[in-house]
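Student: Here it is, the structure in full.
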Amino acid sequence: MSLNNLKPAEGSIKHSKRVGRGAGSGKGGTATRGNKGAKARSGYHQKVGFEGGQMPIYRRLPKFGFKNINRIEYVGINIDTLNGLAEAKNITDFNVDVFKQNGLISGKDRIKILGRGELNKTINVTAHAFSASAKQAIEAKGGVATVIE
């Protein structure tokens, strides 16, 4: 075997259809595009969502809702999660850095402490927001709930 007798595997090369090259080719005239109409012309483009003239679904369905650009998204962290971390890793002061290190938030997430679960230790928590029940649970155990401005 040498470079001069190498050839591709049988059936791996398929030549493109040469259309519009005269009547003798069998694919002249309309160049396999059918007869007349927009689809036979060059530069034809069908609108996205076009359904053949039928009223498209994006116009049949009603509009509803909106996206509030002023909404502040919080990542919710429950009391039982804090309790589990406090017992497992012996953490007493929770802040943004501690939440990031333990994979509870990422980047510039804002934190809201929620009230699900029981608290067995005294902990100090610094977060962007607290639910009333969470703040009550933390302070009932002698901890401090500090809000980040």
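Student: If a residue has to be of a type in the set (Val, Ile, Thr), more than 12 Å from Ile77 (Cα to Cα) and touching a helix residue (DSSP H, G or I) at 6+ places or on another chain (Cβ under 6 Å) to count, how many in the stretch 109-128 make the cut?
Tutor: So the count comes out to 1.
Student: Quick check on this structure: which one of Thr126, Thr122 is β-branched (Val, Ile, Thr), touching a residue at least 12 places away in the same chain (Cβ under 8 Å) and in a loop (DSSP other than H, G, I, E, B)? Let's see the steps before the verdict.
Tutor: Working: Thr126 fails: in a loop (DSSP other than H, G, I, E, B).
When all the criteria are applied, what remains is Thr122.
Student: Sort out which residues of the stretch 103-119 are touching a residue at least 12 places away in the same chain (Cβ under 8 Å) and touching a strand residue (DSSP E or B) at 6+ places or on another chain (Cβ under 9 Å), and write them in order of number. Spell out how you get there, then give the answer.
Tutor: Step one: filter the stretch 103-119 for residues touching a residue at least 12 places away in the same chain (Cβ under 8 Å), giving 104-105, 109-119.
Leu104, Ile105, Asp109, Arg110, Ile111, Lys112, Ile113, Leu114, Gly115, Arg116, Gly117, listed by residue number.
Student: Among the candidates Ser131, Ser106, single out the residue that is at pLDDT below 95, among the polar types (S, T, N, Q) and within 15 Å of Gly76 (Cβ to Cβ).
Tutor: Values: Ser131 fails: at pLDDT below 95.
None of the others qualify; the one that does is Ser106.
Student: Can you go through Lys7, Lys36, Lys27 and tell me which one is of a type in the set (D, E, K, R), part of a loop (DSSP other than H, G, I, E, B) and surrounded by 10 or more Cβ atoms within 10 Å (Cβ to Cβ)? I'd like the intermediate steps shown before the answer.
Tutor: Details: Lys7 fails: surrounded by 10 or more Cβ atoms within 10 Å (Cβ to Cβ); Lys36 fails: surrounded by 10 or more Cβ atoms within 10 Å (Cβ to Cβ).
The conditions single out Lys27.
Student: Would it be correct to say that Asn5 is among the polar types (S, T, N, Q) and over 30 Å from Arg110 (Cα atoms)? Give the derivation first.
Tutor: On the way: among the polar types (S, T, N, Q): yes; over 30 Å from Arg110 (Cα atoms): yes.
Yes: the conditions hold for Asn5.
Student: Now for a separate question. Testing Lys67 on (1) surrounded by 10 or more Cβ atoms within 10 Å (Cβ to Cβ); (2) in a loop (DSSP other than H, G, I, E, B); (3) under 25 Å from the mean Cα position of the chain (by Cα), one condition comes back false. Which one is that?
Tutor: Exception for Lys67: condition (1).
Student: The conditions are (1) surrounded by 10 or more Cβ atoms within 10 Å (Cβ to Cβ); (2) of a type in the set (D, E, K, R); (3) within 27 Å of the chain's Cα centre (by Cα); (4) modelled with pLDDT under 95, and Lys112 fails exactly one of them. Which is it?
Tutor: That leaves (4) as the condition not met.
The values are calculated or read from the model by the stated rules, or taken from the named source; none is laboratory data. Model, not experiment: these values are computed from the prediction. Here Cβ is always computed from backbone atoms with ideal geometry, including for glycine, and neighbour counts include all displayed protein chains.
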